[in-house]
1. Pick from Ala58, Ala48: which is more than 16 Å from Val116 (Cβ to Cβ) and surrounded by 16 or more Cβ atoms within 10 Å (Cβ to Cβ)?
2. Filter the range 120-154 down to residues that are over 38 Å from the mean Cα position of the chain (by Cα) and either part of a loop (DSSP other than H, G, I, E, B) or of a type outside the set (S, T, N, Q) (or both), then give me how many there are.
3. Counting only residues that are closer than 30 Å to Thr96 by Cβ and acidic (Asp, Glu), which one in the range 126-173 is modelled with the highest pLDDT?
4. What do you reckon, is Ala86 in a helix (DSSP H, G or I), more than 29 Å from Arg64 (Cα to Cα) and free of Cβ contacts under 8 Å to residues at least 60 places away in the same chain?
5. Are any residues in the range 9-33 in a helix (DSSP H, G or I), of a type in the set (Asp, Glu) and without any contact (Cβ under 8 Å) to a residue 12 or more places away in the chain, and if so, which ones?
6. I'm checking my understanding of the structure. Among residues of the range 7-45 that are small (Gly, Ala, Ser) and crowded, with 16+ Cβ neighbours inside 10 Å, which one is nearest to the chain's Cα centre (by Cα)?
7. Looking only at residues that are closer than 16 Å to Thr126 by Cα and of a type in the set (Val, Ile, Thr) in the range 84-98, which one is modelled with the lowest pLDDT?
Amino acid sequence: MRPYGSARELEARRVRAFALVKEGRSLSEVAKVMGCHASSVMRWRDAAESGGQAALKAKPVPGRPPKLTPRQLARLVGLLVGGAMARGYDTEVWTTRRIADLIEEEFDVRYHRDHVGRLLHSLHWTYQKPDRRALERKEHKIREWKRQEWPRIKKGLPGWQPTSSLSTNRDSV
């Protein structure tokens with residue numbers, strides 16, 4: 001399991017542990033001070049002795065390089081800010097599927113719509129759910145209905161009535 005901390009913090013931890021070993025402290029003592037296992041301290045010591053301080057440096061995290069460059073991502077943000085209707089959609093709602101299509105059209109890069117969500121999150125964009133209200137909605141008629149019709153309907157609704165806990169089905173007894 002990877003210990004907590006950034007790559008820089010973990011590198012500093014390894015360098016500090018090696019410095020303590022060079023001072024003459026035992027592996028178990030250094031491990032206790034650093035909050036790790038003695039085998040880790042021994043591994044760091046051996047690496048530093050064979051490869052020098054460079055062996056304790058943080059290594060870049062491997063991974064697939066991004067398909068879009070930072071410049072392309074900035075352009076994508078500009079296109080998204082421009083709105084979905086500017087791109088020919090009927091509404092201003094950007095869905096991940098629409099954004100995936102936009103990325104493919106503009107940059108000739110294909111992303112799955114699930115990954116588009118992760119991409120947007122990395123750009124500090126968040127999911128926004130639009131209010132689901134009909135364009136034809138008439139607020140004054142709704143208020144009028146609530147004031148006039150709803151009390152009449154509510155009076156007709158059956159209220160609580162006492163019931164028995166005994167079974168009414170004689171066959172089940």
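1. On the way: Ala58 fails: surrounded by 16 or more Cβ atoms within 10 Å (Cβ to Cβ).
When all the criteria are applied, what remains is Ala48.
2. Counting residues in the range 120-154 that are over 38 Å from the mean Cα position of the chain (by Cα) and either part of a loop (DSSP other than H, G, I, E, B) or of a type outside the set (S, T, N, Q) (or both) gives 14.
3. Step one: of the range 126-173, the residues closer than 30 Å to Thr96 by Cβ are 126-137.
Next, from what is left, pick out any that are acidic (Asp, Glu): 131, 136.
Values: Asp131: 70, Glu136: 81.
Only one residue fits best here, namely Glu136.
4. Numbers: in a helix (DSSP H, G or I): yes; more than 29 Å from Arg64 (Cα to Cα): yes; free of Cβ contacts under 8 Å to residues at least 60 places away in the same chain: yes.
Criteria met by Ala86.
5. Residues of the range 9-33 in a helix (DSSP H, G or I): 9-22, 27-33.
From what's left, of a type in the set (Asp, Glu): 9, 11, 29.
Glu9, Glu29 - these are the residues of the range 9-33 that are in a helix (DSSP H, G or I), of a type in the set (Asp, Glu) and without any contact (Cβ under 8 Å) to a residue 12 or more places away in the chain.
6. To start, the set of residues in the range 7-45 that are small (Gly, Ala, Ser) comprises 7, 12, 17, 19, 24, 26, 28, 31, 35, 38-40.
Among the residues that remain, those that are also crowded, with 16+ Cβ neighbours inside 10 Å are: 17, 31, 40.
Numbers: Ala17: 35, Ala31: 35, Ser40: 32 Å.
By that ranking, first place goes to Ser40.
7. Val93
The values are calculated or read from the model by the stated rules, or taken from the named source; none is laboratory data. Everything numeric in this text was worked out from a predicted model, so none of it was measured. Cβ atoms come from the backbone with ideal geometry, glycine included; neighbour counts cover every protein chain shown.
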